[in-house]
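The structure appears below as structure tokens.
Readers should treat all values here as calculations from the given coordinates under stated rules, not as data from a laboratory. In this text the structure is predicted, and so the values were computed from the model without any measurement. Note that we place each Cβ from the backbone using ideal geometry, even for glycine, and neighbour counts take in every protein chain shown.
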Amino acid sequence: LKIIQVTDTHLAAPGARLFGLDPLARLDACIDDINRNHADVDLVVVSGDLANNGERAAYVALKESLARLRPPVRLMLGNHDDRDLFLDVFDGVVAEGGYVQASVDLRHGRLLLLDTLDAGQIAGRLCASRLAWLERRLAEAGDTPVYVFMHHPPFRLHLPDLDRVGLANADEFKAVLLRHGNVRHIFAGHVHRIATGAWCGASFSTLRGTNHQSALALVDDGPTPVSLEPPVYAIAVIDDDVVVHFREFLDRSAQAR
Ligand SMILES: [Fe+2]
Ligand SMILES: [Fe+2]
């Protein structure tokens, strides 16, 4: 089982630039690289902040670009997204219980794609209805390993400015996870940085966005600066083990030895 995670595309209207970069051109380069090198993956998950400001034009551009992507794709929402506008443009997406959350059963496990968007807030939240949905899906999975994708990390990264705007009710999420004990890995977005670790009995990974990044700010010293470290997507290879690779898709330096 191979799954690609792409995150934080932050698209605006075509031609718009963000931090001096063209987010749509970056996404298109990412799609080209996946099609060229990893078209065999089972699924591509785009884990939120699809648009930079929830613009309809961004969702329309995203839909057009994704039409070229060869593997199947699932989309998630982040704090920069607008749920209603997204669902209006992506009219084929089923909103389970009104949220852009999904349970996908593949060989080697169940994927749960969560909707942590709390409209008007930078931090994320899973309301009672979404926590109940999660509880049901974990209970159904039983001994099947579960892989959770969520925009907002529920774990601390010891990056104070980013930790303040993670999943606001991480304790409630944690209680649900501990009741079932079948979540094996958590894939998060939102932080625009690569980090890996373990939390609540599961391994986790976070990812750079396709456009701009967050500088490494371990000391609490005001707003995290934006950085232009190269964009990345993740390739998770899952069987009895879980391995996550990070592909800098603009890099062309590979050469014969
Ligand atoms: Fe983001
Ligand atoms: Fe975000």
(request) Compute the separation of the alpha-carbon centres of region 136-171 and region 1-45 and state it in Å as a whole number. (result) 23 Å
(message) What is the sum of charges, Lys and Arg at +1 and Asp and Glu at -1, for the other residues whose Cβ falls under 10 Å from the Cβ of Val100?
(response) -1
(request) At 0.36 nm per residue, minus the direct Cα-Cα distance, what do Lys174 and Asp28 gain on full extension? Give it in nm, one decimal, please. (result) 49.0 nm
(request) Apply the Karplus parameterisation 6.51 cos²θ - 1.76 cosθ + 1.60, with θ equal to phi minus 60°, to every residue of region 193-204 and state each ³J(HN,Hα) to the nearest whole Hz, in sequence, with x for glycine and proline. (result) 8, 8, 8, 9, x, 9, 7, 6, x, 10, 7, 9
(request) Using the Karplus curve 6.51 cos²θ - 1.76 cosθ + 1.60 with θ = phi - 60°, work out ³J(HN,Hα) for each residue of region 175-182 in order, rounded to whole Hz, and write x for Gly and Pro. (result) 4, 5, 4, 5, 5, 10, x, 10
(message) Could you work out the relative contact order of the chain? I mean the mean sequence separation of Cα pairs under 8 Å and 6+ apart, divided by the number of residues, in percent.
(response) 20 percent
(request) Step through the residues of region 252-257 one at a time and calculate ³J(HN,Hα) from phi using the Karplus curve (6.51 cos²θ - 1.76 cosθ + 1.60, θ = phi - 60°), rounding each to whole Hz and writing x for Gly and Pro. (result) 10, 8, 4, 8, 5, 6
(message) Given points 7 Å out from each Cα along the Cα-Cβ axis, report the Leu218 to Asn53 separation in nanometres with one decimal.
(response) 3.6 nm
(request) Calculate how many DSSP beta bridges within region 151-242 are antiparallel, expressed in % of all such bridges and rounded to the nearest 5. (result) 75 percent
(message) For a quick check: with amide H placed at 1.01 Å from N, whose amide H comes under 5 Å from Val45's, ignoring anything fewer than 5 positions away on the same chain?
(response) Ile4, Gln5, Val6, Arg74
(request) Could you list which residues have their amide H under 5 Å from that of His152, counting only those 5 or more apart in sequence or on another chain, with H placed in the peptide plane? (result) Thr116, Gly189
(request) For the chain, give the share of DSSP beta bridges that are antiparallel, in percent and rounded to the nearest 5; count only bridges with both residues there. (result) 50 percent
(message) Using Cα springs under 10 Å in a Gaussian network model of the chain, which residue among Arg56, Arg68, Arg130 shows the largest mean-square fluctuation?
(response) Arg68
